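Student: Quick one: structure below, then a few questions.
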Amino acid sequence: MVKNMQLGKYPCKIYKDEQANKIIVWFVDAQKMELPDRVYEKLKIEKPDISYAMVVIGISDWNRELSPWQAPAVFGEEAFAGEGIYLQKWLKEEGMAKILQQLELQKKNVELFVGGYSLAGLFALWLLSETDLFQGAVSCSGSLWYPGWMEYAKTHLPQKESQIYLSLGKKEEKVRNAILSTIGDCTRELYHLYRKTKEVQEVVLEWNDGNHFTNIEERMVKGFLWLLRNSVTVQNHEQLRLSP
């Protein structure tokens, strides 16, 4: 089943398999709602026996709606408005209830996961620390360079035992922008922080070829497969964790 709909002010796309007991909530640019179609198709090809639901939430103003707190512009002139709190509040107070209603599922019978790319990846990790809604997260090329994030992460751990998938392109830290170039060190530091905490049941860091905009679909597919417990994707944890 694939269904387009509006939940509150957010355009949404829902994919559901029969007997689904795992739900992935994925934040995507509202202008790129075709991306999940391709990811869903690839997931079914890679692992057709996985049964799950995927709920894609379209975000119209990326820097405004997904930023956890206010921060100055890092590239260009657009600052971060820090209005992610409103999306978080909507999910907690009504959004997740509406999603479960549309899926005809009850929270006690499902596992909920959250994922995103770039700033949406950071937002997914932030939700793990701010709410107890989710059992795990995928953060692909997450904006862990975000001003104040690492200080926040050290004092705000996930609220429940979680599975966390981190990934980054090998060229992403090789940029001239002084803030963006910290992404490699921030990602490594966060990975090691999560490895040492009891609130994180399992965490993996996978390095991919290319820069921030390379093979986005493939990176999300790998992250979601891992989160859905696909053993092929993480056949060598230590190699993934320690390189480069």
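Student: Which of ILE50, ILE183, ILE59 moves most in a GNM of the chain, Cα contacts under 10 Å?
Tutor: The residue with the greatest mean-square fluctuation here is ILE50.
Student: So, one more: What chymotrypsin sites (Phe, Trp or Tyr not before Pro) does the range 1-97 have in DSSP loop regions with at most 11 other beta carbons within 10 Å?
Tutor: Sites meeting the loop and neighbour criteria: PHE75.
Student: Would you give the gap between the C-alpha center of the range 139-179 and the C-alpha center of the range 60-124, rounded to a whole Å?
Tutor: Using only Cα atoms, the two centres lie 16 Å from each other.
Student: At 0.36 nm per residue, minus the direct Cα-Cα distance, what do ILE179 and GLN106 gain on full extension? Give it in nm, one decimal, please.
Tutor: My answer for the length gained is 22.0 nm.
Student: Please identify, among GLU34, GLU218, GLU77, the residue showing maximal mean-square fluctuation in a Gaussian network model of the chain using a 10 angstrom Cα cutoff.
Tutor: GLU77
Student: Please build a GNM for the chain, connecting alpha carbons under 10 Å apart, and tell me which residue among VAL39, VAL221, VAL110 fluctuates the most.
Tutor: Of the options given, VAL110 has the highest mean-square fluctuation.
Student: Using 0.36 nm times the number of residues separating LYS92 and ASP61, minus their current alpha carbon distance, what extension gain do you get?
Tutor: 9.1 nm
Student: Let me ask something else. Between MET1 and TYR152, with labels modelled 7 Å along Cα→Cβ, what's the label distance in nm to one decimal, could you check?
Tutor: Using points 7 Å along Cα→Cβ, the separation is 3.5 nm.
The numbers here are math on the coordinates, done by the rules we state, and not lab data. Note that the coordinates shown come from a computational prediction; the quantities given were computed from them, not determined experimentally. Positions of Cβ are generated from backbone atoms using ideal geometry, with glycine treated the same way; all protein chains shown enter the neighbour counts.
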